[in-house]
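These notes concern the structure reproduced below.
We did not get these values from a lab; they are worked out from the coordinates using the rules stated. Note that the structure is a prediction, hence the values are computed from the model and not measured. In this analysis, Cβ positions are derived from the backbone assuming ideal geometry, glycine residues included, and neighbour counts consider all displayed protein chains.
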Amino acid sequence: MRRRGREIDRASFGAVLVASLALLATARASDEATLATEHPKSRAIPSRVSGASTSASADPHGAVTVLKASNARFPASFAFGVATSAWQIEGAGGKRPESTWDAFAAATLGRDAAAEMRRGIEFYERYEDDVKMMSEAGVKNFKMSLSWPRLMRADGTKREEGFKFYERVLGALRKSGIEPHITLFHWDTPIWLCFANRTRSSNGVCEGAWARDEVVEAFETYADAVFERLGKGVKYWTTISEPKTICELGYGAGMHAPGRRGVEEQLKVGHNMLLAHARAVALYRKKYADLGGKLSLNLNSAWAEPASDSMDDATAAANAMDEELGWFADPVFTGDYPRSMRSRLGYFLPQFTEEQKAQIKGSVDFFALNHYTSYYVKHVPAPVAASQLGIGGKPQPWEITLFAESSKEPIGKEAQSNWLRVVPWGLEKILLHIKEKYDDPEIIITENGVDIAEKGDIAETLDDSERVQFIDAYLGAARSAMRKGAKVIGYFYWSMFDNIEWVDGASKRFGLVYIDYSGKYGQKMKRYPKKSLEHYSAYMRGEHAEEPEEPEPALGVARENNAMDDMIASFGKRSDGEALAMRGLGVTFACVFIAAALAKRVRIDIDDTPNEHSGLV
Ligand code: GBH
């Protein structure tokens, strides 16, 4: 009888275990719904042509699934925030001296337009109300940049008025329990950096700014002043926002300030930015380590998807990722530019000295990614005629061309800006690419957002369901990458407010909050929350946070004994193993309990020596 009792015990245990595992698997499957059903199935991108060591595998874990937004749950520690930048919101209040953007706007758009842009959204005057609005919306993390010309004079002295302003802003944020994430430089170069002797030349044309070597030291002096005066209590810093955009548009294509055009110069500018970044980080680590902040630089990159299954397109896409992301990410992680860039750009690409390499390598504490969109990449043999360039296509000597359309279909729905296609699965792919290629760093998505054109009246514009869907879909994609092992620790929506969208001025609207630019002076700039603010607030308030883990029942089973974890983990994908194992362990304990209870009851029916099997488990 005793024997029979034991057999039933085992059978019950097995049955309950199998049933529980099946339930567990079903629960997981229902978490994941394919939101973007028509994304191309993943294609592996081979190693770079020139034979650099790591391969840029697009998706090492098979097809991309995007977690359905309503189901997306984030770890309680995940940082949700909103982003802005100084020139786009502050305005020139406080007698802010001129930056290259003020001069460029005046030169290209005319004085009236430039004067409007110099008002920003009047954050300088209205910051208290704006911080209050953020606080009420549940904002816990605020990414802002500092205006370099507001803080430093040409002779290297500090502008007190500027520092006082940011002290007030940081004070207001602190009082509201909002964590500041500060970017030292988001495109608004002091105008004095344009000129050799730091005074304006007679024709006023910018003679270099970031192309001039002295910028590196000027940036270090600026960073030093900021760390010293504003560094206390600031835990997250980035030095330079989107060096690639500044190089390509400001110094390559001449479409952004300071409006210069030159292939060689843009590479030189990128080089100086890397040197300036590394110097600022080294300075912080040496002089301000006790402040305990983490530093990085914001790298923007689209995801480059091969336009076809051909080897040529796959290679072109891998090269495109080297230029989109590797141009700046490779140096800060490995100490030098991607080999594919070196082999194709040759002497155009400057060299680092060994000492510089050592300083640049490892100069980030986390990966700060700005990501908005994805493109198809087709192989186009150089030289490329300007007319052949797709959206985002690059001038000579790049052979990479990015296309918003494949031969058959657009890669995603077009936003208000034609460069921005809504492609949530691209975010998952780029996060996994970063994990694979840059040794699994912690990643903060420091910008992601969408612009939507103004509709008939304000009420209609405020009803921005497309933005709500965008946020859910992109966050779902981020969560999906996290489930596959990417260490994403934060996400910032760009932007909290509609703002001055560089050359496009007030016309492009990325905000969670609508700014009314119309009306008479004195009545303008009123703030109206959009539907998306309320929606995103739920994330920021923690309503999408995962339930805390159940405490383990005290059964005297040592946690290190994880053979069962392994077995259960093997039911999921390898990279999901750890998360699964944690849940699996809980289920296992439950199974064991149920099995023990069942066994006990059965045994009582068939055998009346109840205490004999008490050592079952
Ligand atoms: C962000 O960059 C900026 O950091 C932010 O200031 C800005 O408000 C936000 O974009 C929205 O535009 O004109 O076809 O050559 C995002 C990365 C890189 C996207 C340059 C647009 C230009 C495409 N940007 N890109 S095109």
Next item on the list: Please list the non-local residues whose amide H lies under 5 Å from the amide H of residue 179, H modeled 1.01 Å from N, same-chain partners needing a gap of 5 or more.
Entry: 141, 142
Check: Long-range amide H contacts for residue 508: which residues qualify at under 5 Å (H placed 1.01 Å from N, peptide plane, sequence gap of 5 or more or a different chain)?
Finding: 501
Item checked: Whole-Hz ³J(HN,Hα) from phi, Karplus 6.51 cos²θ - 1.76 cosθ + 1.60, for the stretch 159-172, glycine and proline x -> 9, 3, 4, x, 4, 4, 4, 5, 4, 5, 4, 5, x, 5
Note to self: I'm checking a number: the convex hull volume of the Cα atoms of the stretch 83-223, normalised per residue, in Å³. What is it?
What the structure shows: 107
Next item on the list: Over all alpha-carbon pairs in the stretch 292-344, figure out the percentage whose distance exceeds 18 Å.
Entry: 40
Notebook entry, point to check: Of the peptides 271-278, 359-366, 467-474, 156-163, how do they stack up when ordered by the mean number of other Cβ atoms within 10 Å, highest first?
Noted result: 271-278, 467-474, 359-366, 156-163
Notebook entry, point to check: Can you pull the three principal axis extents for the Cα set of the stretch 112-168, in Å, largest first?
Noted result: 41, 31, 16
Notebook entry, point to check: residue 305's amide H: which non-local residues (gap 5+, or another chain) put their own amide H closer than 5 Å, with H modeled 1.01 Å from N in plane and none for Pro or chain starts?
Noted result: 375, 376, 377
Checklist line | Table column - 3J(HN,Hα) (Hz), the stretch 325-342, Karplus curve with 6.51, -1.76, 1.60, x for Gly and Pro | finding: 10, x, 3, 10, 6, 4, x, 6, 9, 10, x, 8, 5, x, 4, 5, 5, 4
Notebook entry, point to check: Cα gyration tensor of the stretch 411-461, axes a ≥ b ≥ c as square roots of the eigenvalues: rounded (a/c below 1.5), prolate (a/b > b/c) or oblate?
Noted result: prolate
Check: So what J values fall out for the stretch 123-134 if you push phi through Karplus, 6.51 cos²θ - 1.76 cosθ + 1.60 with θ = phi - 60°, rounded to Hz, Gly and Pro as x?
Finding: 4, 4, 7, 10, 4, 5, 5, 5, 5, 4, 4, 5
Notebook entry, point to check: Any idea what Rg and Dmax come out to for the stretch 255-323 if you just take the C-alpha atoms, in Å?
Noted result: 17.7, 52
Check: Can you tell me the Rg and the Dmax, both Å, for the Cα atoms in the stretch 207-275?
Finding: 13.5, 41
Notebook entry, point to check: Pairs of lysine in the stretch 281-382 with Cα under 29 Å and at least 8 positions apart or on different chains: total?
Noted result: 7
Notebook entry, point to check: Under 22 Å from the Cα of residue 508, which lysines turn up, not counting those fewer than eight places away in the same chain?
Noted result: 143, 244, 413, 455, 520, 524, 526, 530, 531
